[in-house]
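Since the structure comes first, as structure tokens, the remarks are kept for the end.
Please treat every number below as a calculation from the coordinates, not as lab data. Remember, predicted model here, so these are calculated numbers, not experimental data. Because the Cβ atoms are built from the backbone with ideal geometry, glycine has one as well, and the counts that use them run over all protein chains shown.
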Amino acid sequence: MIYGGIPTLLYRRWNRSLKKQRKRKGVENIYLTFDDGIDSKYTIEVLRVLKKYKIPATFFVVAEFARDNKEIIDEIKKDGHVIGLHSLQHKNEIFQTPRNTKKDFFESINILNELGIKPKFFRPPWGHFSLAAINEINNANLKIILWNVIVGDWKANMDSRTIADRLISETEKGDIICLHDGRGKNDAPRRTVEALEIVLPIWKSQGFIFGTVEELYE
């Protein structure tokens, strides 16, 4: 509990306080983020939709998936999106030993550096923290980005219309939205792409402004 449970609860409380701060400051932007890629099939589809509607986003990549998909990483960079770290293999930090956590961060950052990325931002798998992970995050000078809206787009029984409806009903100005361009069950990212095709033009017609998480720290 002390090693993983309490740090996770504290960071989630801290994240809720950040949302309240953005609301008080009148932040207009919403921030699309994508976890669990790179996916050789669906990340490209997400990029296509984002380009179609001229929307910037942030991709939290699994380092080993990124290493195997350099061309897609290059496309993300070319399109002006931000790339953050989402661990080496998408393992839950709570169940890793301190030695494995240190190895995870060391190898992840080396892989991203080799791809021409100096990561500034980190999102842990499932939003779970451990004391060892917090130490490595600080040593690497990474900024933690969690989320305020998450709609279960990775689930096997979640259809694209439901994803879109939940995004529309749950999102407000200042929100960080967590979606998934990789992993998931039964080709889940395909339904995420379909939901984006529904919701992005609606959000644009409603006057939403889109940003990357980098803008939160400018």
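Using the alpha carbon gyration tensor of region 148-192, what are the three equivalent-ellipsoid semi-axes (square root of 5 times each eigenvalue), largest first, in whole Å? Present the calculation step by step, with values, prior to reporting the outcome.
Details: eigenvalues 72, 24, 9 Å².
Rounded to whole Å, the semi-axes are 19, 11, 7.
For LYS118 and PHE95, calculate 0.36 nm times their separation in residues minus their Cα-Cα distance, and state this gained length in nm to one decimal.
5.6 nm
Between beta-carbons, use under 12 Å as the cut-off and find the net charge around ILE72, counting Lys and Arg +1, Asp and Glu -1. Let's see the in-between values first.
Working: positive: LYS41, ARG48, ARG67, LYS70, LYS77, LYS78; negative: ASP39, GLU45, ASP68, GLU71, ASP74, GLU75, ASP79, ASP181.
Charge balance near ILE72 sits at -2.
Please rank ARG24, ARG48, fewest neighbouring Cβ atoms within 10 Å first, as an exposure proxy. Please report the intermediate quantities before stating the final value.
Details: ARG24 9, ARG48 14.
The fewest-first ordering by Cβ neighbours comes to ARG24, ARG48.
How large is the dipole of the chain about the Cα centre if only Lys and Arg carry +1 and Asp and Glu carry -1, each at its Cβ, rounded to the nearest 20 debye?
Here the size comes out at about 700 debye.
Where does the chain land at 222 nm, in deg cm²/dmol rounded to the nearest 500, when only DSSP H runs of n ≥ 4 count, each adding -39500 (n - 2.57), divided by all residues?
-14500 deg cm²/dmol
Beyond a 18 Å Cα-Cα separation, which of these cross-linked pairs lie in this structure: LYS54/LYS77; LYS25/LYS173; LYS20/LYS155; LYS54/LYS155; LYS19/LYS102; LYS51/LYS78?
Violating the 18 Å Cα-Cα cut-off are LYS20/LYS155; LYS54/LYS155; LYS19/LYS102.
Using the Karplus equation 6.51 cos²θ - 1.76 cosθ + 1.60 (θ = phi - 60°), what ³J(HN,Hα) coupling, rounded to whole Hz, does each residue of region 171-183 give in order, writing x for Gly and Pro?
8, 9, 4, x, 7, 9, 9, 9, 10, 9, 9, x, 6
Full-extension gain between SER17 and GLU64, please, as 0.36 nm times their residue separation minus the C-alpha to C-alpha distance.
Extra length available between SER17 and GLU64 comes to 13.7 nm.
Assuming 0.36 nm per residue, please report the length gained on full extension of the stretch ASN138 to ASP159 beyond their Cα-Cα distance.
So the chain would gain 3.7 nm between ASN138 and ASP159.
What is the P(r) of region 5-217, as percent of Cα-Cα pairs per 10 Å bin from 0?
8, 36, 38, 17, 1
Of the beta bridges DSSP finds with both residues in region 5-217, what % are antiparallel, to the nearest 5? Show your work: numbers first, answer last.
Details: 0 of 21 bridges.
For region 5-217, the DSSP antiparallel bridge percentage is about 0.
Give me GLU136, GLU64 ranked fewest to most by other Cβ atoms within 10 Å of their Cβ, as a rough exposure proxy.
Values: GLU136 21, GLU64 16.
Arranged by neighbour count, lowest to highest, GLU136, GLU64 become GLU64, GLU136.
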